[in-house]
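Structure, as structure tokens:
The values are calculated or read from the model by the stated rules, or taken from the named source; none is laboratory data. Computed from a predicted structure; not experimentally measured. Heads up, the Cβs are rebuilt from the backbone with ideal geometry, glycines too, and the neighbour counts pull from every protein chain shown.
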Amino acid sequence: MSSSNCAVALVAVAVALVVAAPAAAAEDLATLQVQGLRGQSADLARRDRYECHNWAVDQSGETPVAAAVNAQAASAAKSNHRAETIDRIISGAAIGAGLGGLVSTTQHEDPGQGMLQGAAVGAVIGVATAGSGHKRDEAAAPEGPSDYLRALTACLEGRGYSVALPPTAEITASR
């Protein structure tokens, strides 16, 4: 691994650690639909939501991260995926070229042609395997609202609000 790849990997790990620590309760709270059932004013609704937020943080020990941070995390993940794909293409091509050259030499054929064919096959295999780890991570992600969101919802409902949770596809929190 070259020094530039090593530096990129270290930066990616540092970013992942910084983003992952607070992202345990990351939800886009703007998608949460809160309706007053008792004719509450807008000022009272804001104050109740603020107080319920504080109570939910105390109860769950989780603090939600702003949606902008989630967008940055998604951008970093996409960039990391791109870098991983490129690394796998290069590695696959190098391994394929080496094996193709060896095989063609043992069969008394042109090693240059074997290296080219091996590099092409290795690059294709590198592309095909680049996203395999991401699919496992997505499948392991828990579904449903976080403890924070459940506590916030309970508090708001107790104060006379109707709370509609976003669909589970929009919840990016983990427990």
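General observations
- Of all residues in region 6-59, those satisfying the criterion of being of a type in the set (D, E) and modelled with pLDDT of 90 or more are D43, D48, E51, D58.
- Scanning region 38-65 for residues that are of a type in the set (A, V, I, L, M) and either surrounded by 13 or more Cβ atoms within 10 Å (Cβ to Cβ) or touching a helix residue (DSSP H, G or I) at 6+ places or on another chain (Cβ under 9 Å) (or both) yields L44, A45, A56, V57, V65.
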